[in-house]
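Chemist: Structure below; questions to follow.
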Amino acid sequence: MIFSNTPRPEALKSLADVKHVPFWLDDPARPDPVSALTEGIKADLVVVGAGFTGLWTALMAKQADLARDVVLLEAGDAGCGASGRNGGFVAASLTHNFQNGLSRWPQELSRLIELGNKNLAGIEETIGQFQIDCDYIRSGELNLALEPHQLDDFREEQEEASQYGEKYILYDRDQVQAIVKSPLYFGGLLNPANGMVNPARLAWGLRRACLEVGVRLFENSQVTELEESRDSVVVKTHYGQVDAKHVALATNAFPPLLRRLSFYMVPVYDYALMTEPLSQSQRDSIGWYGREGLSDAANQFHYYQITKDGRILWGGYDAVYYPNNGVAPHLEHRPETFARLAGHFFQNFPQLTGLRFTHAWGGVIDTCSRYTAFWGKAYGGKVAYALGYTGLGVGASRFGAQVMLDLLDDKKTERTGLKMVKSKPFPFPPEPFRTPIINFTRWSMDQADRNHGERNLWLKTLDALGLGFDS
Ligand SMILES: Cc1cc2nc3c(=O)[nH]c(=O)nc-3n(C[C@H](O)[C@H](O)[C@H](O)COP(=O)(O)OP(=O)(O)OC[C@H]3O[C@@H](n4cnc5c(N)ncnc54)[C@H](O)[C@@H]3O)c2cc1C
């Protein structure tokens with residue numbers, strides 16, 4: 001265990017002036033919401049939720065067939081959910097990471113890697129096509145070893161991944177310190193395939209693209225109920241409704257409109273801080289000029305990005321499940337986690353002591369026991385859903401959207417033929433068992449981090465069953 005959880009005075013001081021709003025959403029470029037749905041209308045396709053999954057679904061449905069009447073309904077404004085408040089890592093992997101894909105779908109992993117690279121290229125193409133100003137950079141993601149045993153794991157992962165054509169780069173202590181300086185780093189493993197982005201700007205760019213291609217967007221329009229009729233589904237909001245031939249559910253970790261989804265997904269809160277911009281001397285003291293996405297290799301890990309204007313986003317570590325699938329605005333503020341994160345930040349970068357945080361926020365992620373999206377249909381194939389990205393959906397949501405469209409169009413494609421797409425994650429137990437089991441699993445992961453990675457019997461059992469809890 002590297003990080004001390006005892007609150008430190010310099011950490012508490014650094015949080016004195018934070019705004020409790022997601023940094024990315026606190027931007028004058030945030031579009032004014034369009035009006036809510038206040039009447040009864042008809043549509044070919046209704047997409048529920050305007051985060052990345054819903055925005056990609058609506059955009060690609062329209063791009064495939066401009067004559068298709070597509071309505072996008074969003075409870076708040078586009079990008080206000082996880083999509084506008086995340087770490088900005090755009091992973092090429094569709095399987096959460098290489099190791100997770102290898103352990104679950106070794107036979108189709110090469111195909112999944114290829115599809116993931118194609119998916120990321122598709123995101124880049126759309127950014128170019130619609131000239132989305134979102135600070136996107138293909139800088140790679142550098143995973144950092146904080147203990148020698150993690151470096152051994154990296155060596156093994158590099159070797160395995162190379163057999164699948166992945167070109168990871170292993171760095172020793174001196175090499176990694178030449179990229180980014182921290183007294184805690186023993187080495188690192190760079191995946192050069194991944195990118196970094198300002199996620200809210202990407203979401204707003206996709207929102208504009210949707211409007212440009214003719215998607216009918218309604219914000220402040222929470223869907224309260226789906227009601228099946230013979231050839232359609234009625235999608236009801238507080239003040240209006242849409243009679244739709246097809247419905248795509250892209251509601252991520254928010255209370256699902258289909259009860260069955262609660263078995264497969266638990267909402268988990270993840271928290272992050274943003275610093276003020278670093279001065280030139282502060283920047284020189286850490287380096288990090290390549291703007292790689294950084295994370296450490298612990299079970300309870302931190303992830304961090306440096307923005308184009310030199311601020312550091314620092315998040316992760318605590319992944320909090322609130323009883324009874326708790327999701328509510330007040331859960332986005334967790335002072336003890338903000339203090340812990342700030343304390344860890346100055347342990348990681350002691351040379352930045354005195355730097356202040358400007359923003360502190362939380363967001364909810366859709367954790368499932370296999371860490372990757374899952375899909376399915378309901379109401380005789382008129383409704384489809386995609387969720388379960390488990391904290392890594394910025395890139396994978398575009399693929400999730402494509403699969404959802406395949407399912408609604410009843411198309412057999414290379415995507416729908418994948419075992420990953422055809423199977424579901426193992427369900428979580430219901431309450432009252434859900435809370436203690438998740439908390440015991442989190443406690444076990446913390447113990448493993450304190451014990452040089454040594455996993456207890458409970459974690460070993462979950463590993464053997466292919467089950468887990470992650471963020
Ligand atoms: C703090 C944090 C850090 C993260 N970091 C990363 C990262 O660095 N990289 C990465 O890949 N992933 C990360 N993630 C996860 C990533 O943000 C998500 O996987 C991704 O944004 C999912 O997009 P989505 O559209 O499925 O969900 P969301 O963006 O949550 O969108 C769902 C939308 O549905 C709307 N909605 C819900 N219910 C209804 C309803 N009934 N009616 C109408 N609208 C409804 C919500 O308002 C919301 O806008 C992070 C998440 C968090 C919270």
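The values are calculated or read from the model by the stated rules, or taken from the named source; none is laboratory data. Fair warning: this is a prediction, and the values are worked out from it, not measured in the lab. Because the Cβ atoms are built from the backbone with ideal geometry, glycine has one as well, and the counts that use them run over all protein chains shown. Note: areas computed on protein heavy atoms with side chains; ligands, DNA, RNA excluded. Shrake-Rupley method; radii C 1.70, N 1.55, O 1.52, S 1.80 Å.
Chemist: Pick from region 27-61 the residues that are among the acidic types (D, E) and over 18 Å from E219 (Cα atoms): which of them is nearest to the ligand (Cβ to nearest atom)?
Modeler: D27
Chemist: Scan region 240-282 residue by residue and report those that are within 13 Å of the ligand (Cβ to nearest atom), closer than 21 Å to R216 by Cβ and either open to solvent by 40 Å² or more (accessible area, probe 1.4 Å) or assigned to a strand (DSSP E or B) (or both).
Modeler: Hits for region 240-282 are Q241, V242, V247, A248, L249, L257.
Chemist: So is P329 open to solvent by 30 Å² or more (accessible area, probe 1.4 Å) and away from the ligand (no atom under 13 Å from the Cβ) or not? Steps first, please.
Modeler: On the way: open to solvent by 30 Å² or more (accessible area, probe 1.4 Å): yes; away from the ligand (no atom under 13 Å from the Cβ): no.
In short, no.
Chemist: Given (1) among the β-branched types (V, I, T); (2) out of contact with any Leu (no Cβ under 7 Å at 6 or more places or on another chain); (3) modelled with pLDDT of 95 or more; (4) open to solvent by 20 Å² or more (accessible area, probe 1.4 Å), identify the lone condition not met by I437.
Modeler: With (1) among the β-branched types (V, I, T); (2) out of contact with any Leu (no Cβ under 7 Å at 6 or more places or on another chain); (3) modelled with pLDDT of 95 or more; (4) open to solvent by 20 Å² or more (accessible area, probe 1.4 Å) applied to I437, the lone miss is (3).
Chemist: Only residues in region 9-31 that are among the hydroxyl-bearing types (S, T, Y) count as the first member; pair them with residues that are part of a loop (DSSP other than H, G, I, E, B) and open to solvent by 30 Å² or more (accessible area, probe 1.4 Å), Cβ under 6 angstrom, at least 6 apart or cross-chain, and list the lot.
Modeler: S14/R356
Chemist: What about E74, is it in contact with a Gly (Cβ under 9 Å, 6 or more places away or on another chain), within 11 Å of the ligand (Cβ to nearest atom), among the acidic types (D, E) and under 14 Å from V197 (Cα atoms)? Reasoning before the result, please.
Modeler: On the way: in contact with a Gly (Cβ under 9 Å, 6 or more places away or on another chain): yes; within 11 Å of the ligand (Cβ to nearest atom): yes; among the acidic types (D, E): yes; under 14 Å from V197 (Cα atoms): no.
Against the criterion (in contact with a Gly (Cβ under 9 Å, 6 or more places away or on another chain), within 11 Å of the ligand (Cβ to nearest atom), among the acidic types (D, E) and under 14 Å from V197 (Cα atoms)), E74 does not qualify.
Chemist: Also: Looking at V403, V394, can you tell me which residue is in a loop (DSSP other than H, G, I, E, B), within 16 Å of the ligand (Cβ to nearest atom) and under 18 Å from L120 (Cα atoms)? Explain how you work it out, then say what you get.
Modeler: Numbers: V403 fails: in a loop (DSSP other than H, G, I, E, B).
Exactly one of V403, V394 is in a loop (DSSP other than H, G, I, E, B), within 16 Å of the ligand (Cβ to nearest atom) and under 18 Å from L120 (Cα atoms), namely V394.
Chemist: The conditions are (1) over 30 Å from L278 (Cβ atoms); (2) open to solvent by 40 Å² or more (accessible area, probe 1.4 Å); (3) in contact (Cβ under 8 Å) with a residue 24 or more places away in the chain, and A373 fails exactly one of them. Which is it?
Modeler: (2)
Chemist: Now for a different question. Please find, within region 146-185, the residue that is surrounded by the fewest Cβ atoms within 10 Å (Cβ to Cβ) out of those that are among the acidic types (D, E) and touching a helix residue (DSSP H, G or I) at 6+ places or on another chain (Cβ under 7 Å). Don't jump to the end; show me each part of the working.
Modeler: First pass over region 146-185, keeping only residues among the acidic types (D, E): 147, 152-153, 156-157, 159-160, 166, 172, 174.
With touching a helix residue (DSSP H, G or I) at 6+ places or on another chain (Cβ under 7 Å) added as a condition, the list becomes 157, 160, 166.
Values: E157: 21, E160: 14, E166: 19.
Checked region 146-185; the qualifying residue surrounded by the fewest Cβ atoms within 10 Å (Cβ to Cβ) is E160.
Chemist: Restricting region 292-322 to residues that are over 23 Å from G354 (Cβ atoms), modelled with pLDDT of 95 or more and in a loop (DSSP other than H, G, I, E, B), which is most open to solvent (accessible area, probe 1.4 Å)?
Modeler: Out of the qualifying residues, it is Y322.
Chemist: Then there's this: Determine the pairs where a residue that is under 12 Å from M60 (Cα atoms), located within region 205-233, has a partner that is charged (D, E, K, R) and away from the ligand (no atom under 13 Å from the Cβ) with Cβ atoms under 7 Å apart, the partner being 6 or more residues away or on another chain.
Modeler: Final answer for the pair search is V213/K62; G214/K62; V215/K62.
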